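What follows is a short report on a single structure.
Throughout, read-outs are computed from the coordinates displayed, never taken from laboratory work. Small disclaimer: the values here were computed from a predicted structure and weren't measured. Positions of Cβ are generated from backbone atoms using ideal geometry, with glycine treated the same way; all protein chains shown enter the neighbour counts.
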Amino acid sequence: MMNVLTAPADPTLKKGEARCPGPSTQDLLRSEPSNARDPALLIASDAFLGDEDLPFSRYTSQTFYERELTQLWPKVWQWACREEHIPHPGDFYTYDIGPYSALVIRGDDGEIRAFVNACPHRGMAFTDAGSQGSGKQFIRCPFHGMSWHLDGSLKEVPCRWDFPHIEDTEFGLDEIPCEEWAGFVFINFDRQCGPLSEYLGVLPEHFKDWGLEDRFVAVHTQKVLPGNWKMCLEGFLEAFHVLATHPEVIHTASWANTQYDLFGPTVTRFLQTVATGNPNIEQSQQEIYRLLGYQDELPAGVSARERHAAIQRAKLGQQWGTDLSEVSTSLMLDSIEYHLFPNACFFPGIQIPLIYRFRPMGLDACLHEIMMLQPVPDQQPRPLPAQPIKLGLEDSYTSVPDFPLAKVLDQDTENFHRQWAGMKASLKKGQTLANYQEARIRSFHRTLDGYMARA
Ligand code: FES
Ligand SMILES: [Fe+2]
């Protein structure tokens with residue numbers, strides 16, 4: 001067996017062509033008949049985007065950070081909340097990013113709209129950052145009591161006699177673009193932006209049968225992480241770090257042969273198979289099955305992974321009150337992560353149903369949100385979305401009840417303290433990325449450069 005850790009680079013290959021020795025993710029997925037139900041998982045799409053070092057100053061420079069505040073955040077689509085957070089007229093959610101704030105509210109007509117969260121009178125924010133609430137009849141400013149209908153049109157100005165210089169029709173709230181996809185409400189602070197559907201690239205096509213709109217928020221965490229938001233995000237864009245950071249899973253989850261895909265400027269993906277064993281570790285299917293926690297004998301001719309998927313379909317289906325019998329093995333088990341530029345990740349998998357969002361909290365810290373999206377039980381009302389659990393810089397994910405990934409996430413979080421310190425201390429000017437396994441990071445920065453260069 002070829003040792004993937006020590007196998008040398010092949011000089012006959014062009015840059016970016018080298019892959020982990022041994023079976024690929026596609027070899028495995030195509031050998032499992034059920035995965036034909038998910039054609040999006042049978043696509044591989046990569047490109048070589050260069051191998052020059054990426055400057056640390058992109059993370060550590062206050063000037064670069066401030067340019068992001070003017071060039072990036074007011075120009076990109078970003079999801080603000082789930083539709084289920086605001087199911088009824090008058091329900092609202094406040095989404096903030098840097099100095100920008102949007103009040104997302106459902107109208108009497110059922111439409112969801114987003115308004116700049118600032119009073120046209122003297123600029124008061126209507127609602128607090130991150131707040132949500134329900135049943136507003138109208139939007140009333142807490143400062144002097146001016147009010148607006150839920151569609152943003154002016155309702156009332158106290159002491160109207162003192163404002164002869166305003167026209168009711170021109171004193172509405174500033175509405176900003178707001179669209180929905182897969183149960184997520186997206187906003188954009190740029191009123192000249194293109195449509196969300198264009199920005200989403202391949203996502204609507206890939207996700208069309210994965211029903212994220214039929215999931216509910218079972219767990220929601222908001223944790224402060226040390227370090228620039230891009231550095232923290234990038235810690236979740238590759239599986240290369242599994243070897244050293246999460247050594248307990250390398251016997252069952254692939255890492256070196258994880259597949260990385262680039263789908264245009266805004267969407268990238270990794271596909272990390274689970275319950276497969278690793279190309280660098282010689283072990284039998286029975287051994288892998290044991291490592292997955294089973295004591296019985298694996299039936300002849302069945303892989304540990306297929307057996308594990310069948311057991312999980314039945315177990316989670318019963319636990320969640322939903323029929324998972326038709327879910328493919330890959331969708332059932334694998335860590336399938338789509339990144340949408342700039343700050344969101346969507347995992348459509350059933351066992352690993354994560355949503356990530358990263359927002360800067362100044363240069364030195366960021367807020368990492370995680371949602372677990374579980375299928376809504378069959379023929380049952382949608383459960384209420386979980387309220388966010390707030391975790392400070394030093395808080396462990398193990399304090400979150402029923403959170404299966406707590407240990408892994410704590411391992412990731414511990415890295416960020418050191419990486420942020422090292423990035424600032426480094427005499428070397430930039431980081432040296434792997435050509436294939438870290439190509440998503442390079443793609444991300446290429447798209448970021450496009451926004452930073454705009455007039
Ligand atoms: S600032 Fe809003 S009513 Fe005065
Ligand atoms: Fe990790």
Least to most buried among THR413, THR273, THR398 (fewest other Cβ within 10 Å first): THR398, THR413, THR273
Residue order, fewest to most beta carbons within 10 Å, for CYS81, CYS193, CYS178: CYS193, CYS178, CYS81
Lys, Arg +1 and Asp, Glu -1 on Cβ, resulting dipole of segment 78-197 about Cα centre, debye, nearest 20: 320
Label-zone membership for segment 49-81, site ASP190, 7 angstrom Cα→C-beta point, backbone N under 16 Å: 67-79
Spin-label pair GLN318/GLU394, simplified geometry with 7 Å Cα→Cβ offset, distance in nm: 4.4
Label point at TYR294 placed 7 Å out along Cα→Cβ; residues across segment 24-39 whose backbone nitrogen lies under 17 Å: 32-34
Amide N of segment 5-23 lying under 20 Å from the label point, which is placed 7 angstrom from the Cα of ASP449 along Cα→Cβ: 15-17
MET231, MET452 arranged by Cβ crowding within 10 Å, fewest neighbours leading: MET452, MET231
Unit Cα scatterers, Debye sum, segment 247-382: log10 I(q)/I(0) for q = 0.22 Å⁻¹: -1.31
Fraction of alpha-carbon pairs over 42 Å apart in the chain - percent: 20
Longest site-free stretch - the chain; sites: GluC sites (Glu not before Pro), DSSP loop, at most 15 other Cβ within 10 Å: 168-281
Packing-based order for 90-98, 371-379, using average beta carbon neighbours within 10 Å, highest first: 90-98, 371-379
Segment 280-345-segment 105-168 distance, computed between alpha-carbon centres (Å): 49
Candidate lysines - alpha carbon under 16 Å from LYS407, same-chain residues fewer than 8 apart omitted: LYS223
FRET efficiency estimate (nearest 0.05) - Cβ-Cβ, ALA9 to VAL224, R0 51 angstrom: 0.85
Nearest-20 debye value, the chain charge dipole, Cβ charges on Lys, Arg, Asp, Glu: 860
The chain, relative contact order in percent, only Cα pairs under 8 angstrom and at least six apart counted: 21
